[in-house]
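Below you'll find the structure, written out as structure tokens, and then a few comments.
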Amino acid sequence: MTKAQMVRTRWGGIADGAQKPSGFFRVAERGGIFWLVDPDGGQFLSKGINTVRFDQDKIQNSGRIPYAENCARKYGSEDAWRRAAAARIVAWGFNTLGSWSDEAVAKAAPVLLALTPNLDLGMSFAWQTNDTSKDKLRQDFPDVFDPDFERHVRKRAAAMCAPRRNDANIIGWFVDNELRWGPDWRGEDELLTLFLSLTPGTPGRNGALAFLRARYGDFAKFDAAWHSAAGDWQSLAALTRVEPPYRRKPSYARNDRDEQRANRESPGRASYAADCDAFADEIAERYFSLTTASIKAADPNHLVLGARFAYPPRHGIVEACGRRADVLSFNCYGDDPEKNIDTYAVVGKPCLIGEFSFRAMDSGLPNTNGAGPVVTTQDVRAAAFRRYVTSALRKPSVVGYHWFEHADQPVEGRFDGENSNFGTVTIRDEVYELLTNAMTSMNAEAEQVHTAVTVTA
């Protein structure tokens, strides 16, 4: 079917009669290729932009929002900006507002725009606990052993999802964003050592200790691998911090051959690594079980889109997500997403890229803080977008891609210091024509590219 022959639904899906309307977004597999199906029964790919909002990015340590200041002068009001931004996004061929977007933009659009809200379901528990329990060590991952965790996710899902269970324009819910599943840019700790270093007596600390006691039984066997500063289980429980006896690189920087060699040279390290991996799998099973059940109980109509992995974690974590979520979502900053897609697709669920981007040196921004490749010019940036999306759509599991983000970041840096050329528009709301022209043509071709995928057995 050529672009000229395509008949589209109100949502932008392909209306070829292959799927029946259900009133909500769902997933389907056709000829070995995954699709979203829109509420009208159209075969749908979610083409989104993140952070479409007037008040994007305060300058760090400041109350100033340069993008909002510039748009206020340009448009006169936030509503006028919404209408202009929505019209542009639609003209560029996007059909979805990605994470952290102002949903009122969808209401201002000339056609229907889908939504993918982020619940922060698990991390909101950690943030709340950190804010209210100043005397306890902070949680860098939500304490899924705490009985209050299950109560929290059920209450939050009921509050955020249940009132919108009949909203047709919601594709589904992102559970969380970029959880810390192990060593990464935020620190060297494994999930196991993070939980072991929670405040003594807390559920997470007790859960980690119980896990180790069940694995080893005898403390001497445990200590032969861990070389702890304690002499028995009771002393271990009382330590302020349990220091990791070994360090592993993040999963995205880890080489299996080097890991195997290091473990052969040190049997204790091999035991430690196995402990960390098994505990991470247990945490993932509990986390995805509780969060997904909470969402489904509150809202049986919409998809659960997973927890937006920042990088491919160990396979057991991906499997735990795949057993519960309808779609696996992940952020993938790189030149080509193919390898990452393959990592997630093995669990047999559709995949959605929640963030990707390219930054250009000719933008005038520092590009010293922020993820993803830095290229030379806007022309190269536009070509990189086309190559990336084409590569993604040639994978049968991919059902969407969301660009990060709508507007450039402040030259002074946003709240976390990021100062990069991620935008489809400048901070003065000037359109990057080369990039958005590439987006327009690629978005128009997306369904054809995906339909043409060759599925191998």
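Its residues counted as N, segment 104-200 yields a C-alpha radius of gyration over 2.2 N^0.38 Å of 1.35. Kirkwood analysis of segment 313-395, using all unique Cα-Cα pairs, places the hydrodynamic radius at 14.0 Å.
Site pair ALA158 and ALA214 shows an inter-label distance of 2.8 nm when each label is modelled 7 Å from Cα along Cα→Cβ. Structure note, pairs LYS47/LYS107; LYS58/LYS296; LYS20/LYS47; LYS249/LYS296: Cα-Cα distances above 26 angstrom occur for LYS58/LYS296; LYS249/LYS296. How far is the Cα center of segment 307-358 from the Cα center of segment 5-32, in Å? If you average the Cα positions of each part, the centres end up 23 Å apart. Calculate, for ARG73 and ALA253, the FRET efficiency according to 1/(1 + (r/R0)^6) with r their C-beta to C-beta distance and R0 60 Å; round to the nearest 0.05. After rounding, the FRET efficiency stands at 0.85. Treating r as the C-beta distance of ASN166 and HIS227 and R0 as 56 Å, the FRET efficiency rounds to 0.50.
If you take the Cα centroid of segment 249-287 and the Cα centroid of segment 383-457, the two points sit 34 Å apart. The mean sequence separation of alpha-carbon pairs under 8 Å and at least six residues apart, normalised by the residue count of the chain, gives a relative contact order of 18 percent. You can think of it this way: the chain between VAL7 and ASP416 has 142.8 nm of extra reach, that is 0.36 nm per residue less the Cα-Cα gap.
With Rh defined as the Kirkwood radius, the inverse of the mean 1/r over Cα pairs, the Rg/Rh of segment 191-280 is 0.97.
A convex hull fitted around the alpha carbon atoms of segment 1-128 yields 152 Å³ per residue. FRET efficiency for the ASP336 to GLN234 pair, using the beta carbon distance and R₀ = 51 Å, is estimated at 0.50.
Every pair of different Cα atoms in the chain enters the Kirkwood calculation, which places the hydrodynamic radius at 23.4 Å. In the chain, the DSSP beta bridges split such that about 30 percent are antiparallel, to the nearest 5.
Since every read-out is calculated from the coordinates, none of them should be taken as a lab result. Quantities reported herein were computed from a predicted structural model and do not represent experimental measurements. Neighbour counts are summed over all protein chains in view; Cβ atoms, including those assigned to glycine, are modelled from backbone coordinates with ideal geometry.
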